[in-house]
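In what follows, a single structure is set out as structure tokens and then discussed.
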Amino acid sequence: MKAVLCHSFTGPGDLRLSEIDEPKHARDEIVIDVHAASVSFMDQLLVSGLYQMRLPTPFVPGTEASGVVVAVGDKVTRFAPGDRVACSAWTGGYAERMIAKESKSVRLPDGVAFEAAATVLHNYGTAWYALAERARAERGETLFVTGAAGGVGLAAVDLGRHLGLRVVAGVGSDAKAALVQSYGASDVVNYRRDDLRDRIKAITGGDGIDIGFDNVGGATFEQMARLMAWGGRLMPIGFTGGEIPSLPMNLPLLKNYSIVGVFAGAWAEKFPHEGARMNDTLMQLLADGQIRPHIDRILPLEEVGDAMRAVANRTVQGRIVLKIR
């Protein structure tokens, strides 16, 4: 079958489309004919050797895909050949066939397109786990999202609106403002131009941020740590800016706020039943039009390198999807 292979951690430029053997599933896994796969910042980090884990090479990148089940292990009870599904895994999505754990797969409701389905589990799963499970967000609270026009950031804006939060979107370019506003942001901050402290104080009337959802890291996270409200929750999601921040611990002490880690992938593996229920919830929200993933563009599998470079260069709003069937 055709698949994209990563032979070394040298980035998207060295990815190659190759012919490989079809994957063999375990007893608790399914095999799908892949129709669409999304391209995430994590995928780009994995092939560049910059993620927190390194996989044995060669491997097929692609953490999220959708398609049709063609085979199931004998322990699988929720799926059968012919089912339309989305699934997530650490690898395997950029291929004609992919394997995934039953617990990390979800059936697609009628009417849900493969392209949209391939963008939900990672983006919206991270946002849901952060806001609903970790932050225990309450209606009316103020949520500040950095990297708000990216895949995970825009999902947080969309879900924040759905949960009844006041969403403040942080972006690095004025060109991204219209998109985040269309997804429910009541205020937009360009943290590459605006004084973040002054803008947040003005927006919140000096009260600060109840929930900080930070995709960027570095100096932006350090500034957010000084802008939290009493009893707030500051969540490091990722470090797309390339710098892992450190924090003076007197800051959370003085305002009784919490620093709450968010690693949705590890949680879903440790608590597979809870993760599966979340995936079912998200797919139903998608089918009901309560969330609406934004697809920046759809490209053929052969253009995976261009897709990853666009993600790395911050020129993508929402997600790029690779069309495989």
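Read-outs: derived from the displayed coordinates by stated rules, not from any lab. A quick note: this is a predicted structure, and the numbers were derived from the prediction, not measured. When we count neighbours, we look across all protein chains shown, and the Cβ atoms used for this are built from the backbone with ideal geometry, even at glycine.
Tell me the mean residue ellipticity at 222 nm calculated for the chain from its helices only (DSSP H runs of n ≥ 4, each -39500 (n - 2.57), averaged over every residue, nearest 500).
Helix-only estimate at 222 nm: -7500 deg cm²/dmol.
Give the residue from S186, T220, F239 lying farthest towards the positive end of the charge dipole for the range 123-264; charges sit on Cβ (+1 for Lys and Arg, -1 for Asp and Glu) and the dipole is referred to the Cα centre.
S186
Using each residue's phi in the range 67-83, evaluate 6.51 cos²θ - 1.76 cosθ + 1.60 at θ = phi - 60° and report the 3J(HN,Hα) Karplus result to the nearest Hz, with x for Gly and Pro.
x, 10, 5, 10, 7, 9, x, 6, 8, 7, 10, 8, 9, 9, x, x, 5
Using the crude model of +1 on Lys and Arg Cβ and -1 on Asp and Glu Cβ, and no other charge, please compute the dipole size for the range 123-264 relative to its Cα centre, in debye to 20.
Using Cβ point charges on Lys, Arg, Asp and Glu, the range 123-264 gives about 100 debye.
What does the charge count around D28 come to, taking other residues whose C-beta lies under 14 Å from its C-beta (Lys +1, Arg +1, Asp -1, Glu -1)?
Charge balance in the 14 Å sphere: +2.
Would you pull out the residues with amide H under 5 Å of V189's amide H, same chain only if 5 or more places away, H placed 1.01 Å from N?
A169, G170, V171
Tabulate in residue order the Karplus-calculated ³J(HN,Hα) for the range 250-261, using 6.51 cos²θ - 1.76 cosθ + 1.60 with θ = phi - 60°, rounded to whole Hz; enter x for Gly and Pro.
5, 5, x, 5, 5, 10, 6, 9, 10, 9, 10, x
Relative to the Cα centre, what is the charge dipole magnitude of the chain, using +1 at the beta carbon of each Lys and Arg, -1 at the beta carbon of each Asp and Glu, and rounding to the nearest 20 debye?
Dipole magnitude for the chain comes out near 420 debye.
Where in the range 102-177 are there GluC sites (Glu not before Pro) that are in a DSSP coil and have at most 16 other Cβ atoms within 10 angstrom of their Cβ?
Taking the range 102-177 and a limit of 16 other Cβ atoms within 10 Å, the loop GluC sites (Glu not before Pro) found are E138.
Restricting to DSSP loop positions (anything but H, G, I, E, B) with no more than 15 other Cβ atoms inside 10 Å of their own Cβ, which trypsin sites (Lys or Arg not before Pro) remain in the range 1-74?
K24, R27, R54
Return the long-range amide H neighbours of I259 (sequence gap of 5 or more, or a different chain), with a cut-off of under 5 Å between placed amide H atoms.
Under 5 Å from the amide H of I259 lie the amide H atoms of L234, each far enough along the sequence or on another chain.
Within straight cross-link reach of K104, meaning Cα distance under 28 Å, which lysines are found once same-chain residues fewer than 8 apart are removed?
K2, K24, K75, K270, K323
Pop out the ³J(HN,Hα) list for the range 224-234 in order, Karplus 6.51 cos²θ - 1.76 cosθ + 1.60 with θ = phi - 60°, rounded to Hz; leave Gly and Pro as x.
Computed from phi, the couplings for the range 224-234 are 4, 4, 9, 10, 7, 7, 4, x, x, 10, 9 Hz.
Write out the trypsin sites (Lys or Arg not before Pro) in the range 179-211 meeting two conditions: DSSP loop, and at most 13 other Cβ atoms within 10 Å of their Cβ.
Within the range 179-211, the qualifying trypsin sites (Lys or Arg not before Pro) (loop, at most 13 other Cβ atoms within 10 Å) are R192, R193.
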